[in-house]
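Inspection log for the structure reproduced underneath, given as structure tokens.
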Amino acid sequence: MVRLIHALRCVAGGAAIAGLLCNAAQAQERFSELRLDQLTPEQQKMATMLTTPPRNSALNSGPFNAYARSPGLGLLLLQVSDYVRFNSALPPRLSEFAIMIAARQWSQPYEWRAHYPLAIKGGLDRQILVDLGAGTRPQGMKEDETALYDFCTELYRDKNVNDTTFKAALAKFGERGIMDLIGIIGYYDLVSMALIVQKATGKPGDEAPLLPLTR
């Protein structure tokens, strides 16, 4: 314990970083938890970035544990994450809906569980997530939610977006919003892949079930 306290004091920003390392939700099965006294300078910078509001996360949690294996890439990904989550042209109700669509596409439980309460807080109706989790087209979507769902679903399914779908998205989100939407699902595709590779599942909560898809 004395040695641990000493390590916390010796690392720049040690107290904040230590808090994030110690609050990890769970150990990953494929990537071991990172120790504070073994972090490289880039990994320490990643941990510090994770303490900066509006973030409140841990280096050993979620995809960040995987990112830290290549911290140069991880630092860039955290900047992308900050933009698509907090600074895109889409309001939280829509940006979180897009994230949940990406989680559904990959059947990724950690991502689904982590963003479910954020989607509800953002104003997305729970029944939409119930339907999405069941693999069916959500009922009762608002016009902008329909435009977003159709755009993302068509892009995933057809590897294309037809003119009608594009024009509907353009009318609701504008050109910047469309590009930000692509950025959101593209980033969370990467998140899903990282989580799948490291076998992160997260702890079950009161989220709508993410049921297996039948192909």
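Nothing in this text is a laboratory measurement; each read-out follows from the coordinates by a stated rule. All figures in this text were calculated on a predicted structure; none of them were measured in a lab.
Exceedance of the 27 Å cut-off in Cα-Cα distance is limited, within the set LYS159/LYS203; LYS172/LYS203; LYS142/LYS167, to LYS159/LYS203; LYS172/LYS203. Only helical runs count toward this figure. For the chain, summing -39,500 (n - 2.57) over DSSP H runs of n ≥ 4 and dividing by all residues gives -20500 deg cm²/dmol at 222 nm.
Counting only aspartates and glutamates at least 8 places from LYS121 when in the same chain, those with an alpha carbon closer than 19 Å to its own are ASP82, GLU96, GLU111, ASP131, ASP144, GLU145, ASP206, GLU207. Calculated on C-alpha atoms, the gyration radius of the range 91-198 divided by its Kirkwood radius gives an Rg/Rh of 0.94.
Here, the chain has an Rg and a Dmax of 18.5, 65 Å when only alpha carbons are counted. Across the range 91-198, C-alpha contacts under 8 Å between residues 6 or more apart give a mean separation that, scaled by the residue count, equals a relative contact order of 35 percent.
Mean separation of Cα pairs under 8 Å and 6 or more residues apart, divided by the residue count, gives the chain a relative contact order of 25 percent.
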